[in-house]
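Okay, structure first, notes after.
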Amino acid sequence: MKNILKSIAALVTVLIAFTSCNDTKKSDSKSGALASNVAEKVYVAPGEHDEFYAFISGGFSGQLSVYGLPSGRLFKVIPVFSQDAEKAWGYNEETKPMLETSHGFVPWDDAHHPDISQTAGEIDGRWVFINGNNTPRIAKVDLSTFETTEIIEIPNSAGNHSSSFVTENTEYVVAGTRFSVPIPQRDMPIKDYKGNFKGSLTFISVEPEHGHMDIKFQLIMPGFDYDLSHPGRGKSHGWFFFTTYNTEEASTLLEVNASQNDKDFIAAVNWKKIEEYVNNGGGTMMPANYAHNVYDESTHMATSTLKKEVLTVNPLDVPGAVFLLPTPKSPHGCDVDPTGEYIVGNGKLSANLTVHSFTKMLDAIENEKFAGDAYGIPILNFEDVLAGSVEQPGLGPLHTEFDGKGNAYTTFFISSEVVKWKLGTWEVVDRQPCYYSVGHLMIPGGNSQKPWGKYVVAMNKITKDRYLPTGPEVTQSAQLYDISGEKMELLLDFPTIGEPHYAAGCPADLIKPRSKKLFPLEENNHPYAAKSEADTKVVRDGNIVHVYMTMIRSHFAPDNIEGVKVGDKVYFHVTNLEQDYDVPHGVSMIGANTSELLIMPGQTETFLWEPKQEGVWPFYCTDFCSALHQEMQGYVRVSAANANTPLKWSLGEDIE
Amino acid sequence: MKKSNIIMLLAAILPLGLFLFPLWKITLEAPQYPTPLGMYIYINDFADANPHDIKNINLMNHYVGMKYIPEAIPEFKIFPAGILVTTVIGLIIAFKGNYKWFLYWFILMIVLSSAGLYDFYLWEHDYGHNLDPRAIMKFTNPDGTQMGFQPPLFGTKDILNFRAHSYPRLGAYFLALGIGTSLIAYLVGKKNHKKYSDV
């Protein structure tokens, strides 16, 4: 027996030796996630919470998704720029105004770069801002309700891509145009682009208490493409940096024509200086037309206002405010390290990764060492501002994030990898493959002075064979790497919605305690709210019928309505009387040309129903709310347009 | 002032804690309520343990035909008056009375508290058994009788998917301490009286 035990022990020892040996090998190869210790690192036991929130853009879905890290579990898709029938976003009467623009109702957008609000250079977890790329808009999502509460359209912008990044006290959320366009818009030949088109960089002030957005000023820049941006921080707070491409100012076949210049620019904007100029009455008010949509949590309703003018600033009118830093080959990402000293220009067609020094930039500016100018804006010498470059780190650098420990992590689209390198020495420390063709990456707190350098999420453009196939269109995906050690370790692949561009993350503890459980009924100021069953009624005004309805487990009040006629416009204003966590009710009406409503406790929402046929038509609760959910239903009697059926309603008794 | 009278003074004042702290608490646990529902019973009020708890208890209970927990009950007037009157009596005794009166006050308080508890039991019984005949869900005991949903007077009990806890809270402890203290006042007074008698 002893011998058997001994030999088993020996065998186990050998196995362990083999396994651990395998592990070290594996972490260098692509199958690191097979190791059991890797699985444990992403395992969040049932009922336990993740350590981090990740807000991952939905790209062409127009929405913002909420994930937990390290588990990669999806918790919610927050509707932002696209209609969402599940949550009635853009379908109910309350949220339709949120999707209004100067072009009318635009029910979709391309959502790219979420960024969480900051205080004193650190993530504060109050709001997430995200840009709509196509019809330029910036949205604000309130992280106490995880709902979009404000959307502002950006005039004089097109392809709102170098957006929506916040300064270190959330003084501004910044939106830069990708396309340059005629400003103001006018009918002109496209070939006359050069010198005539302009690019706008928009600084939207954020009111500190409630986060209300307002365009403070637009900087009207030369007609380049403004690709991405990031704020200065710490020592460079007060500046904002934008990458540019197409400094050739081509309007056709850009893949060739915008790739000719050896160097494009990073535009450094001293926004504090411009703010001061504007506060002293500087700038030119220009006629404009843009929508500002605000959702009021107390009335549970949004309003849309068209604004008619915008303050523009010509950079030449504010000397010393804007400089151009030559940066090789159509730089994409523009990333600033946590100290604010290094500005990384990810020259996507360059073999090397260029890093500028803020200190050197200030020095060059002070000594007026200019290499020339572009439309009057001073160009600094490349060598004067260069901090260093990472030599041949990979192919197609796109984006860089920082771990707060002196390391930077850059994604390489073409060579499909994340490369870790050291700030200051510019040496490559590690590289890990991505599956496949990685775009953005995100370290929680990455755009702040205080990153939490435990994980990096890489967001890929292609997945090919990584998941079960689902026809020609396969899932989008992200990958999670552990970056707590010297070497990175791939932990997890997880699917994402739409196409993930940028993401923003922070420790769950910053947000979790503030997450609302319900809306207090006594604070509901919706004009059509019925706050008790005693307040329910049906009111006719011409052919418009307002139903003041309530819902509580497990019935509607009223649940029988008569006297509605063909051709009426019937507005169901439905209030959820529940005051309990996670007890929403839904409501849907047969034949209604809209979505269901999904109403949170204490909230009122409205849908419009235009009955077209006589009959008795049912409605019901769409969210399995209680043991008697199936009983939660009702009828509306619809009479002919000229009928005399009296308007009556009831609950629990017959209409006589 | 004699030592026993000072103790009696304390005994008379302690029950006033009932005006500051809840007398009792009923807690209902269920899988769907990771934060349990709870209700504090004050001598003059029912209060939510967490916001909206009573509303949500009512919502649960309507399925089995239980009545809503009333906004107010007559006891909310009677109990405070009773406490005030007995405190005044206690104070008078503390200043004027001798140790025998301390014992009478002690007995009075035991009787009144027992009556209060019995009243509470009766209300609970009615609340748990006087069900709406049109109740959505009707349950019977194994012996065929109608199942009641009376929470325990004291202790813990399983009621369908809920586990109900019913325990005294700080206010009740103040009352009990006051009553106990009056007994101590009596014993101290008696001992001293003996001592003086012996002398």
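Laid out as a table, the results:
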| read-out | value |
| --- | --- |
| Test: residue in the range A:373-391 that is more than 21 Å from the chain's Cα centre (by Cα) and over 30 Å from A:Met221 (Cβ atoms) | yes |
| Residues satisfying the stated conditions in the range A:553-571, i.e. away from chain B (no Cβ under 14 Å) and either out of contact with any strand residue (DSSP E or B) (no Cβ under 7 Å at 6 or more places or on another chain) or not in a strand (DSSP E or B) (or both) | A:Pro558, A:Asp559, A:Val566, A:Gly567, A:Asp568 |
| Evaluation of B:Phe21 against (1) touching a helix residue (DSSP H, G or I) at 6+ places or on another chain (Cβ under 6 Å); (2) away from chain A (no Cβ under 14 Å); (3) closer than 17 Å to B:Trp123 by Cα (one fails), failing number | (3) |
| Among the candidates A:Tyr467, A:Tyr502, residue that is modelled with pLDDT of 95 or more, within 26 Å of A:Ile414 (Cβ to Cβ), of a type in the set (Ser, Thr, Tyr) and buried (at least 18 other Cβ atoms within 10 Å of the Cβ) | A:Tyr502 |
| From the options B:Gly189, B:Gly148, residue that is assigned to a helix (DSSP H, G or I) and more than 14 Å from chain A (Cβ to nearest Cβ) | B:Gly189 |
| Residue in the range A:92-108 that is open to solvent by 20 Å² or more (accessible area, probe 1.4 Å), within 30 Å of A:Leu480 (Cβ to Cβ) and not β-branched (Val, Ile, Thr) present | yes |
| Hits in the range B:33-80 (condition: within 14 Å of another protein chain (Cβ to nearest Cβ), β-branched (Val, Ile, Thr) and not in a helix (DSSP H, G or I)) | B:Thr35 |
| Given (1) under 27 Å from A:Phe52 (Cα atoms); (2) in a strand (DSSP E or B), index of the condition A:Pro444 fails | (2) |
| Within the range A:75-88, considering residues that are in a strand (DSSP E or B) and farther than 13 Å from A:Gly498 by Cα, the one least open to solvent (accessible area, probe 1.4 Å) | A:Asp84 |
| Count of residues meeting criterion [within 19 Å of A:Asp482 (Cβ to Cβ) and assigned to a loop (DSSP other than H, G, I, E, B)] in the range A:418-441 | 2 |
| Residue within the range A:162-182 that is polar (S, T, N, Q), farther than 22 Å from A:Ala321 by Cα, in the same structural domain as A:Met98 (by TED's automatic domain parsing) and surrounded by fewer than 17 Cβ atoms within 10 Å (Cβ to Cβ) present | no |
| Hits in the range A:629-656 - residues which are within 14 Å of another protein chain (Cβ to nearest Cβ), part of a loop (DSSP other than H, G, I, E, B) and open to solvent by less than 30 Å² (accessible area, probe 1.4 Å) | A:Met632 |
| Those residues of the range A:470-493 which are assigned to a strand (DSSP E or B) and surrounded by fewer than 20 Cβ atoms within 10 Å (Cβ to Cβ), in sequence order | A:Asp493 |
| Any strands (runs of 3 or more DSSP E) falling wholly within the range A:284-373 and containing at least 3 residues that are open to solvent by 10 Å² or more (accessible area, probe 1.4 Å) and at positive phi | none |
| Out of A:Thr550, A:Thr575, sole residue that is within 14 Å of chain B (Cβ to nearest Cβ), in a strand (DSSP E or B) and open to solvent by less than 10 Å² (accessible area, probe 1.4 Å) | A:Thr550 |
| Looking only at the range A:516-534, and only at residues there that are within 14 Å of chain B (Cβ to nearest Cβ) and touching a Phe, Trp or Tyr at 6+ places or on another chain (Cβ under 7 Å), the one that is nearest to A:Leu651 (Cα to Cα) | A:Leu518 |
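The values are calculated or read from the model by the stated rules, or taken from the named source; none is laboratory data. Because the structure is predicted, anything quoted here is derived from the model rather than measured. Backbone-built Cβ (ideal geometry, glycine too); neighbour counts: all protein chains shown. Please note that ligands, DNA and RNA were not included when accessible areas were found on the heavy atoms of the full protein model with its side chains. Shrake-Rupley method; radii C 1.70, N 1.55, O 1.52, S 1.80 Å.
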